[in-house]
């Protein structure tokens, strides 16, 4: 799932699996779906984005929000 990247935290793995199964989500949606603390989700997303596992994309239905999707999914949509 992560290739040869650094070892992921359990919360990061949970977030990736949630996005993988349910598609792109906002951080607020991830908090409610995973039942993780908002700070935990923010930290995990920051690491996942910096490692290139997750991509930030604009939410076209509400431009005030950002969606998070797997970087692989983003490439498939092109």
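Summary of values
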item: Single residue of region 19-35 satisfying the filter (in a loop (DSSP other than H, G, I, E, B) and touching a residue at least 40 places away in the same chain (Cβ under 8 Å)) that is surrounded by the fewest Cβ atoms within 10 Å (Cβ to Cβ); result: 23
item: Among residues of region 8-18, those that are within 15 Å of residue 46 (Cβ to Cβ) and either at pLDDT 95 or above or surrounded by fewer than 18 Cβ atoms within 10 Å (Cβ to Cβ) (or both), counted; result: 5
item: Test: residue in region 37-49 that is in contact with a helix residue (DSSP H, G or I) (Cβ under 9 Å, 6 or more places away or on another chain), modelled with pLDDT of 95 or more, loosely packed, with under 12 Cβ neighbours inside 10 Å and outside any helix (DSSP H, G or I); result: yes
item: Residue that is nearest to residue 32 (Cα to Cα) [pool: residues in region 57-74 that are in contact with a helix residue (DSSP H, G or I) (Cβ under 7 Å, 6 or more places away or on another chain) and surrounded by 15 or more Cβ atoms within 10 Å (Cβ to Cβ)]; result: 68
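The values are calculated or read from the model by the stated rules, or taken from the named source; none is laboratory data. These numbers come from a predicted model, not from an experiment. Because the Cβ atoms are built from the backbone with ideal geometry, glycine has one as well, and the counts that use them run over all protein chains shown.
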